[in-house]
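This report concerns only the one structure given below.
The values are calculated or read from the model by the stated rules, or taken from the named source; none is laboratory data. Note that this is a predicted model, so its numbers are computed, not measured. Positions of Cβ are generated from backbone atoms using ideal geometry, with glycine treated the same way; all protein chains shown enter the neighbour counts. For accessibility, only protein heavy atoms count, side chains too; no ligands or nucleic acids. Shrake-Rupley method; radii C 1.70, N 1.55, O 1.52, S 1.80 Å.
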Amino acid sequence: MTRLEKVFNQNETKNKVLVTYTVAGDPNLGSSKKILKDLIASGADILEIGVPFSDPMSEGPVIQKAHERALKKNIQFKDILNLCKQIRIENKNVPIVLMGYMNSFLSLKNKLAKELNQAGVDGVIVVDLPYDESKSFFNNLKKENIDLIRLISPTTDSKRLKRMLASSSGYLYYVSLKGITGAELKNFNEVKNKVKKIKSLTNLPVVVGFGIKDAPTAKKMASFSDGIVVGTKIIDFIEKKSTPKISNFTKSLKKAIN
Amino acid sequence: MKYKNLNNYAFPDKEGRFGEFGGKYVSETLITALEELEKVYAKVKKDKSFQEEVIKDLNDFVGRPSPLYFAERWTKKLGGAKIYLKREDLNHTGAHKINNTVGQVLLAKKMGKKRVIAETGAGQHGVATATVAARHGLECIIFMGEEDIERQALNVYRMKLLGAEVCSVDSGTKTLKDAMNEAMRDWVTNVEDTHYIIGSVAGPHPYPEIVRDFNSIVGKELKIQSKKEFGKYPDIIVACVGGGSNAMGIFHPFIKETKTKLVGVEAGGSGVKSGKHAAPLSDGKVGVLHGMKTYLMQDKNGQILSTHSVSAGLDYPGVGPEHAYLRDIGRVEYQSATDQQALKSFHDLTKTEGIMPALETSHALAYVNKIAPKLSKSKTIVINLSGRGDKDMFTVAKEDGMTL
Ligand SMILES: Cc1ncc(COP(=O)(O)O)c(C=O)c1O
């Protein structure tokens, strides 16, 4: 069983999964590692680690600035892999998922899957790699047992969804709104119906992300999904130099969803 | 790789690719919009009444066909090949960009979109978009990098007069690529009622095809005009390459006419060796940005490098995927011209022909300035004079040490 499967299997006992997103090297490598460890300690079940990119097209202002802060520190891909390794040495169970843009992953060429595996990475989310373009990328990752986590959006129709599900693994990430990270989440019912629809077509766990910034929203979203992703709000604490507040916030989310 | 036979040249393929280049590297939310655009475009491409509507606007609103002008004094001065200018600077709004927006706005209406957005560098595409939006009564938002807003102030004001909202983009390098990021962010948020009018043969499929098709009126006209003017197709066609729309527009109808040499000129900035330039086909690596696989200026971690060019319209780290393919198969030759060479050619053409070219276009002129004297007088060169230089007054004055 993979680490991701294990996390969601505990879900049989109805525990909802808390996924956190932070950017590697934001505000610097050392703090970023400490933040990740704090997140685990305060209840994060899966770490999504952002790979900073010069052109983060799907991010709102808060996460854009996180990418810029990390790049100012000259974070290299090898630093990110090292960061994952260090987390993995201290924690054998928490799944690590790298989330970023295609050009970053391409920079490792054919060594990508192997390097990810060696760094203890479990999955990859590529924001600008839709299903249609992902076949060889998916197969290469599979060889090293790395899951390619699919993003599903409000505009994904059922025909397309069925095709995507045929080559999905790990979990599914439902993007709750049409927009960028950090946007306002308005239509709960629409999200609920869509998630129900997805769950009726697959056994894979479905987590909901984008626009979740507080415990009440997290609770609502978790009530019909397998878990939630929170990113912008955590990074907001980093931007405002209030990282000590991250732990309590994370704990409050974890409590709210279960 | 060298091309053998181009008789069957028909790109993009079904996957939206030109060889390995192109594709649709966008977030899942945009896929539906791109598929809709693809479907609607395939339909109107064959729809006679739609095409007639486009042609009518190109004739009566834009003022086409644009003349093919013999630059007699400049030819004499250089003392070699005969030089002709395809006068896209005479189009309404002053550049080739309007050929594309006239078509895309009709597409937007066909899809029932009420709002159009665009990115712009030099402001020419922004003005061309704001113009057609005004003509059709659509809401219009233009994204423009903070740095470009400064150096193209005249065009910013033009857009505002036309009723467009100009959004200043202060992320990243504050130039064209960042404006495009921001336009993508807007599009993903407002995808239901908004059409994104991309301004070059760049971006995800089907944009490189759509923008090429609308601009290829330039090459089609040239085929007729050159036969009439000098009894054959040109020996050489030269165009500047930013994203590559004016170049692709004039090249595309000639791809199978292999006796005609095609040359694209990128922005060499302070020189390709200096690293301060915007010439991904001369000094870039294959990667993915803005929805397409193409040559990009990037570092070893895949971070996009900041570019440098005196011309805002060429200041872009990528290039349209069809250019990447034409480069690899050797059908088009890509060269570069530096800021200084472009500025010199700007002055040369202004003084010898009474035509003030855009700084983007001046890069193509600079290349011709170099090769024309070495060619025999029986040869003909056609330059795509993609735009006029009024918008560049402040930049040129600054480079010349003047304040206006
Ligand atoms: C006059 C002119 N020529 C050329 C360009 C470069 O664009 P492209 O390479 O798409 O023709 C621009 C862009 O703003 C322009 O304004």
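Under the definition of partner shielding as Cβ atoms of other protein chains within 10 Å of a residue Cβ, what is the mean value for peptide A:55-64?
On the way: counts 13, 4, 15, 9, 3, 2, 2, 0, 0, 5.
Average per residue, whole number: 5.
Using a 1.4 angstrom probe on heavy atoms only, work out the carbon and sulfur share of the accessible area of the stretch A:109-244 in %.
Taking all protein chains in place, the stretch A:109-244 shows 47 percent carbon and sulfur surface.
Calculate, for A:Ser31 and A:Asp214, the FRET efficiency according to 1/(1 + (r/R0)^6) with r their C-beta to C-beta distance and R0 22 Å; round to the nearest 0.05. Mind dumping the intermediate values first?
Numbers: r = 24 Å, r/R0 = 1.09.
So, using R0 = 22 Å, E works out to roughly 0.35.
Rounded to whole Å and sorted largest first, list the principal axis extents of the Cα atoms in the stretch B:48-91.
Ordered largest first, the stretch B:48-91 gives principal extents of 47, 17, 9 Å.
At a threshold of 8 angstrom on Cα-Cα distance, excluding pairs fewer than six apart, so keeping six or more, what relative contact order does chain A reach in percent?
Relative contact order, chain A: 23 percent.
At a Förster radius of 56 Å, what calculated FRET efficiency corresponds to the Cβ-Cβ distance of B:Lys114 and A:Ser247, to the nearest 0.05?
Working: r = 46 Å, r/R0 = 0.83.
Once the sixth-power term is evaluated, E becomes 0.75.
For the stretch A:1-138, what is the Kirkwood estimate of the hydrodynamic radius, computed as the reciprocal of the mean inverse distance between distinct Cα atoms, to one decimal in Å?
Result for the stretch A:1-138 stands at 15.4 Å.
If you wrap the stretch A:172-212's Cα atoms in a convex hull and average its projection over all directions, what's the area in nm²?
With every direction weighted equally, the projected area is 2.7 nm².
Tell me, in nm to one decimal, what length is gained between B:Lys14 and B:Lys228 on full extension, where the rule is 0.36 nm per residue of separation less the Cα-Cα distance?
Difference between extended and current length: 73.4 nm.
Just to check I understand the Karplus step: with θ = phi - 60° and J = 6.51 cos²θ - 1.76 cosθ + 1.60, what whole-Hz values come out for the stretch B:178-188, glycine and proline as x?
So the J values, rounded to whole Hz, are 6, 4, 5, 4, 5, 5, 4, 5, 5, 4, 5.
Output the Cα-based Rg and Dmax of chain B in Å, rounding Rg to one decimal and Dmax to a whole number.
19.4, 57
Could you tell me what percent of the DSSP beta bridges with both partners in the protein assembly as shown are antiparallel, to the nearest 5?
Bridges in the protein assembly as shown that DSSP calls antiparallel: roughly 20 percent.
If contacts are Cα pairs under 8 angstrom and at least 6 residues apart, what is the relative contact order of the stretch B:280-404 in percent? Working shown, then result.
Working: 153 pairs, mean separation 21.9, N = 125.
Result for the stretch B:280-404 is 18 percent.
Run the Debye formula on the Cα coordinates of the stretch B:261-308, all scatterers equal and no solvent, and tell me log10 I(q)/I(0) at q = 0.19, 0.24, 0.30, 0.33 1/Å.
Debye output, listed in q order: -0.60, -0.88, -1.15, -1.24.
Would you please calculate the Kirkwood hydrodynamic radius of the stretch B:269-404 over all C-alpha pairs and express it in Å, rounded to one decimal?
16.1
If you take the Cα Rg of the stretch A:111-151 and divide it by 2.2 N^0.38 Å, with N the number of residues, what do you get?
Numbers: Rg = 9.6 Å, N = 41, 2.2 N^0.38 = 9.0 Å.
Compactness ratio reported: 1.07.
Would you work out which of B:Met159, B:Val241, B:Gly79 lies farthest towards the positive end of the dipole of chain B? Charges go on Cβ: Lys and Arg +1, Asp and Glu -1.
Checking the options against the dipole of chain B, the answer is B:Gly79.
Where both residues lie in chain B, what percent of DSSP beta bridges are antiparallel, nearest 5?
If I count the DSSP bridges inside chain B, around 30 percent turn out antiparallel.
With +1 assigned to the C-beta of every Lys and Arg and -1 to the C-beta of every Asp and Glu, and no other charges, what is the dipole magnitude of the protein assembly as shown about the Cα centre in debye, to the nearest 20?
Dipole of the protein assembly as shown, to the nearest 20 debye: 1300 debye.
Students often get this wrong: which residues of the stretch B:136-154 have the backbone nitrogen under 12 Å from the point 7 angstrom along Cα-to-C-beta of B:Asp390?
Within reach of a label on B:Asp390, which here means backbone N under 12 Å from a point 7 Å along Cα→Cβ, the stretch B:136-154 contributes B:154.
Given 10 °C and 1.306 mPa s, how large is the Stokes-Einstein diffusion coefficient of the stretch A:95-245 in µm²/s, with Rh as the Kirkwood radius over Cα pairs?
Diffusion coefficient, whole number: 97 µm²/s.
Projected onto the charge dipole of the protein assembly as shown (+1 at Lys/Arg Cβ, -1 at Asp/Glu Cβ, origin at the Cα centre), which of A:Val19, B:Ala364, B:Ile304 gives the Cα projection farthest towards the positive end?
The Cα lying farthest towards the positive end belongs to A:Val19.
Restricting attention to the alpha-carbon atoms of chain A, what are Rg (one decimal) and Dmax (integer), both in Å?
Just the Cα atoms of chain A yield Rg and Dmax of 16.7, 45 Å.
Please work out the FRET efficiency for the pair A:Asp38 and A:Asn258, using the Cβ-Cβ distance as r and a Förster radius of 22 Å; give the result to the nearest 0.05.
The computed FRET efficiency comes out at 0.70.
I need the P(r) histogram for the stretch B:347-386: all alpha carbon pairs, bin width 5 Å from 0 out to the longest distance, whole percents.
Taking all Cα pairs of the stretch B:347-386, the binned fractions are 6, 22, 31, 26, 14, 2 percent.
Residue-wise, which Karplus ³J(HN,Hα) couplings in Hz belong to the stretch A:59-75, taking 6.51 cos²θ - 1.76 cosθ + 1.60, θ = phi - 60°, and x for glycine or proline?
Per-residue couplings from phi come out as 9, x, x, 5, 6, 3, 5, 4, 4, 5, 4, 5, 5, 4, 7, 6, 5 Hz.
Out of every Cα-Cα pair in the stretch B:308-361, what percent are more than 13 Å apart?
Above the 13 Å cut-off, the stretch B:308-361 has 67 percent of its Cα pairs.
What per residue convex hull volume, in Å³, do the alpha-carbon atoms of the stretch B:337-404 yield?
Convex hull volume per residue, Cα atoms: 84 Å³.
With the contact rule set at Cα under 8 Å and sequence spacing of 6 or more, what percent relative contact order holds for the stretch B:100-155?
Relative contact order, the stretch B:100-155: 38 percent.
Given a cut-off of 18 Å, name the pairs among A:Lys109/A:Lys142; A:Lys159/A:Lys219; B:Lys220/B:Lys391 whose C-alpha atoms lie farther apart than that in the structure shown.
Checking Cα-Cα distances, A:Lys159/A:Lys219; B:Lys220/B:Lys391 exceed 18 Å.
Can you list the residues, at least 5 places off or on another chain, whose amide H is less than 5 Å from the amide H of B:Tyr84, using H built in the peptide plane?
Here the answer is B:Ala71, B:Ile381, B:Val382, B:Ile383, since their amide H atoms fall under 5 Å of that of B:Tyr84.
Considering every pair of different Cα atoms, what Kirkwood radius, in Å, is found for the protein assembly as shown?
Kirkwood radius, the protein assembly as shown: 25.8 Å.
Straight-line reach from B:Lys45: which aspartates and glutamates fall under 20 Å, measuring Cα to Cα and dropping same-chain residues less than 8 apart?
B:Lys45 reaches B:Asp13, B:Glu15, B:Glu35, B:Glu36, B:Glu53, B:Asp57, B:Glu209, B:Asp213, B:Glu221, B:Glu322.
Could you give the Stokes-Einstein D for the stretch B:1-134 in µm² per second, using the C-alpha Kirkwood radius, 10 °C, 1.306 mPa s?
Stokes-Einstein gives a translational diffusion coefficient of 88 µm²/s.
With Kirkwood's inverse mean 1/r over C-alpha pairs for Rh, give me the Rg to Rh ratio of the stretch B:212-275, two decimals please. Mind showing how you got there, number by number?
Working: Rg = 13.4 Å, Rh = 12.6 Å.
Result: Rg/Rh = 1.07.
Any idea what Rg and Dmax come out to for the stretch B:1-69 if you just take the C-alpha atoms, in Å?
17.0, 47
Per Stokes-Einstein, at 10 °C and 1.306 mPa s, what whole-number D in µm² s⁻¹ belongs to the stretch A:99-181, with the Kirkwood radius over Cα pairs as the hydrodynamic radius?
119
Tell me what chain B gives for mean residue ellipticity at 222 nm when only DSSP H runs of n ≥ 4 count, each as -39,500 (n - 2.57), the sum divided by the residue total, rounded to 500 deg cm²/dmol.
It lands at -12500 deg cm²/dmol.
For the stretch B:164-296, what is the per residue volume of the convex hull drawn over the alpha-carbon atoms, in cubic angstrom?
Considering the Cα atoms of the stretch B:164-296, their hull volume per residue is 154 Å³.
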